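Here's the structure, in structure tokens; my notes come after.
The values are calculated or read from the model by the stated rules, or taken from the named source; none is laboratory data. Nothing here was measured: the structure is a model prediction, and the numbers come from that model. Virtual Cβ from ideal backbone geometry, glycine too; neighbours counted across all protein chains shown.
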Amino acid sequence: MTQENQLKNRPSAAKRETKRRSLKGLAVRDGLVRHPFDLEFDVRTSGLVAGRNLSTGQRNDRHATAYYAVAPSVFRGMLVRWRRCRPLAPIDEFTFIDLGAGMGRAMLLASEFPFRAVLGVELNPMLARIGSRNLARWRAAGRARAPMRMFCRDAATFDLPSGKCVVFLFNPFAAPVLRRILRNWAATLGERSGTLDILYVNNEQENVLRQQAGFTRLFHGEVRRSQADTAAERKILGNQPDAAYAAMAWEDCSIYRWAGANERSHPESKDRSRDSGGERR
Ligand SMILES: C[S@@+](CC[C@H](N)C(=O)[O-])C[C@H]1O[C@@H](n2cnc3c(N)ncnc32)[C@H](O)[C@@H]1O
């Protein structure tokens, strides 16, 4: 059988999905254990969905890593590191954008800060739908200090809004997607240095950022999980071992800033990660 026929005869991802009411990894029968964050705030962000189970027939499906929500303590630790890197404007001038927003946990946490807006971009429609419901609950409970909006779309086709942006990445996709996104930004941002900061948690594709001219690395190191998050996630992942992800006591992270088109790649001389409290094992 040719590869084309094999593809034609395979049931579409959308049809396979309608047989289940939820993605594999989000149901109790898949071993789901709810994170204390969900229990405390009555939202739905827990679960582990392997990349192969996220497919809905879109071009960049094959580059998706997995769905898993960031540990609240790691997210908050990253925001502290970012503020130590002296963003070039007050926080209310920045739009926060989570590329690969999943069910919106990082967006909810970001909205505890007075950002100009908090946006999320998620490829998988089921995750984006659940995420939008979470945002509505969060808003209704009066917890959001910033307007929030979820877009169901491929991050590779999402244009940055005007003004200053801080983009959050919790290792959402493989190198080809990240490379394409960085090239687009480099082409549009030109000499407007300081208009874009990138917070990269679980920075598996760090080399892609190092190779893209125009960015300066401000921080590179470990951001620790709280003991409570580590204990909760060990329990969660022990019950649901469906992806190559282990809850360590820290995440490898980095922070980058757009420095202008004339900034060279591998900017070792301009690497200010040590000055910014970066630490490395
Ligand atoms: C590790 S999860 C992070 C979830 C969220 N950022 C958080 O911290 O709670 C990565 C997410 O990226 C999404 N994703 C992968 N490739 C994508 C793409 N090309 N465009 C948009 N979202 C994508 C996946 O579906 C998954 O929900």
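Some values worked out for this structure:
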{"item": "Test set (1) without any contact (Cβ under 8 Å) to a residue 60 or more places away in the chain; (2) surrounded by 17 or more Cβ atoms within 10 Å (Cβ to Cβ) - ARG29 fails condition number", "result": "(2)"}
{"item": "Pairs, first in contact (Cβ under 8 Å) with a residue 24 or more places away in the chain in the range 56-82, second among the basic types (Lys, Arg), C-beta under 7 Å, six or more apart", "result": "ALA69/ARG105; VAL70/ARG105; ALA71/ARG225; SER73/ARG225; VAL74/ARG225; GLY77/ARG224"}
{"item": "Hits in the range 148-183 - residues which are of a type in the set (S, T, N, Q) and at pLDDT 95 or above", "result": "THR157, ASN171"}
{"item": "Among residues of the range 208-237, those that are among the polar types (S, T, N, Q) and either more than 12 Å from GLU251 (Cα to Cα) or crowded, with 19+ Cβ neighbours inside 10 Å (or both), counted", "result": "4"}
{"item": "Residues located in the range 74-118, provided they are hydroxyl-bearing (Ser, Thr, Tyr) and assigned to a loop (DSSP other than H, G, I, E, B)", "result": "SER111"}
{"item": "Test: residue in the range 191-201 that is modelled with pLDDT of 95 or more and not aliphatic (A, V, I, L, M)", "result": "yes"}
{"item": "Meets criteria (closer than 20 Å to HIS220 by Cα, modelled with pLDDT of 95 or more and either within 12 Å of the ligand (Cβ to nearest atom) or in contact with a Phe, Trp or Tyr (Cβ under 9 Å, 6 or more places away or on another chain) (or both)) for LEU79", "result": "yes"}
{"item": "Subset of the range 176-207 that is without any contact (Cβ under 8 Å) to a residue 40 or more places away in the chain and among the hydrophobic types (A, V, I, L, M, F, W, C) - its residue that is nearest to TRP250 (Cα to Cα)", "result": "LEU178"}
{"item": "Exclusive hit being of a type in the set (Phe, Trp, Tyr) and free of Cβ contacts under 8 Å to residues at least 60 places away in the same chain, set PHE168, PHE96, PHE113", "result": "PHE113"}
{"item": "Contacts under 6 angstrom Cβ, first residue in the range 117-142 being closer than 24 Å to PHE94 by Cα, partner within 9 Å of the ligand (Cβ to nearest atom) and assigned to a helix (DSSP H, G or I), 6 or more apart", "result": "VAL118/MET107; GLY120/MET107; VAL121/ALA155; GLU122/ALA128; TRP138/LEU108"}
{"item": "Qualifying position, being farther than 22 Å from HIS220 by Cα, small (Gly, Ala, Ser) and crowded, with 17+ Cβ neighbours inside 10 Å, among ALA110, ALA106, ALA66", "result": "ALA66"}
